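Below is one structure, written out as structure tokens; the observations come after it.
Please treat every number below as a calculation from the coordinates, not as lab data. Here the structure is a predicted model, which means the values were calculated and not measured. Every residue, glycine among them, receives a Cβ derived from its backbone with ideal geometry; neighbour counts consider all protein chains shown.
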Amino acid sequence: MLVRYLLAALAAGIFAGVVMTPIHYLKLVPLIEHAETYEQGGHGIEPTHDHQAGLVSSAFAHGAAHEAAGSLILAHSSAAAGEGEEDSAALFESRALGTLAANLVTGAGFALMLAATALLTGRTITARTGALWGLAGFAAISLAPALGLPPELPAMPAADLGARQAWWILTVGLTAIGLYCLVLRREAAVRAVGILLLVVPHLFAAPHPADLSSPIPPTLAAEFAVASLATGAAFWVLLGLSLGTAMDRFVGAKA
Amino acid sequence: MTTNTHSIAGTASGTRIAAGLFALVLGAFFVWGAGFAHSAALHDTAHDVRHAFGFPCH
């Protein structure tokens, strides 16, 4: 029974991941590729810190990034290592194949976590409630962290990776618990705590670099942030709906 | 919980919690691998997806 439940969640996640890949290619990957031309110092604009953005592989750049905690990091330019060469360390030759694989894994991961949340809170996800579960996931995993760390393009200035990841995970965790207290609980005190948990991460500033100057045109960054949130919302609603449908079809029938 | 209507909720709560925790950890492991791991191979493969989902990257 529980095995069927988990397999249904996996199937729904993989389905959502497959569907999202062409959407990413339609709306997001062109913007990422455009931004990478600035990462290489193209379009006549030099990166502000080209000694860091220069001739290093992305693997080396990450190593340097960890040492230079809190400082401006404009590194990570895989293409800068050679003349327009693609990532050398990637698991797949094709960039699209890598994106597909990563989408499958991400979709399966989030589907399992959403199904686990329903299991742990004693609720069921159905085709009727699926979109709401998906929107809750969107609020916790896309919207809340984006308030502090807007979705960013390659070559945009950013603070230390570890610090940003820690803030992101903390914000997502507190928002998820806060939403649970606010939406799924009835007690007034628990709901008040839920509201508090939703607000608290935003009282502590997300890590930002001291120097915000960027080679990326602001319009491009704004376009990407909105496109990322919009496709994120689409992903989560799709994931919730397919999770609910899968539960109805493969699990609910045994009620 | 009064809203439990499906059979999943009828499963012994210990088993249900254990399966829930297992799914949560497995899902988090997947998301970590695709979105957060510092390995260069994983980063380069999942690069566009990390940016697309707004995971902290670089």
Rounded to the nearest 0.05, what FRET efficiency is calculated for residue A:94 and residue A:223 with R0 set to 25 Å and r the Cβ-Cβ distance? 0.45
Base-10 log of normalised Debye intensity for the range B:11-53 (one unit scatterer per alpha-carbon) at q = 0.34, 0.35 Å⁻¹: -1.06, -1.09
Estimated vicinal HN-Hα couplings, Hz - the range A:180-196 in sequence order (Karplus 6.51, -1.76, 1.60; Gly, Pro = x): 4, 4, 6, 9, 9, 10, 9, 5, 4, 5, 5, 5, 4, 4, x, 4, 4
About its Cα centre, how strong a charge dipole does the range A:80-212 have in debye, to the nearest 20, once Lys and Arg get +1 and Asp and Glu get -1 at the Cβ? 1120
Whole-angstrom gap from the range A:118-168 to the range B:14-58, using each part's C-alpha centre: 12
Averaged over its residues, how many other protein chain Cβ atoms are within 10 Å of peptide B:13-25's Cβ atoms? 5
Can you work out the Karplus-derived ³J(HN,Hα) for every residue in the range A:202-217? Use 6.51 cos²θ - 1.76 cosθ + 1.60 with θ = phi - 60°, whole Hz, and x for glycine or proline. 8, 7, 9, 4, 5, x, 10, x, 5, 9, 8, 5, 9, x, 7, x
Any residue on another chain or 5+ positions along whose placed amide H is under 5 Å from the amide H of residue A:158 is listed here as A:73
Using θ = phi - 60° and Karplus 6.51 cos²θ - 1.76 cosθ + 1.60, couplings along the range B:37-54 (whole Hz; Gly, Pro as x): 4, 7, 4, 4, 5, 5, 4, 5, 5, 8, 3, 5, 5, 4, 5, 4, 7, x
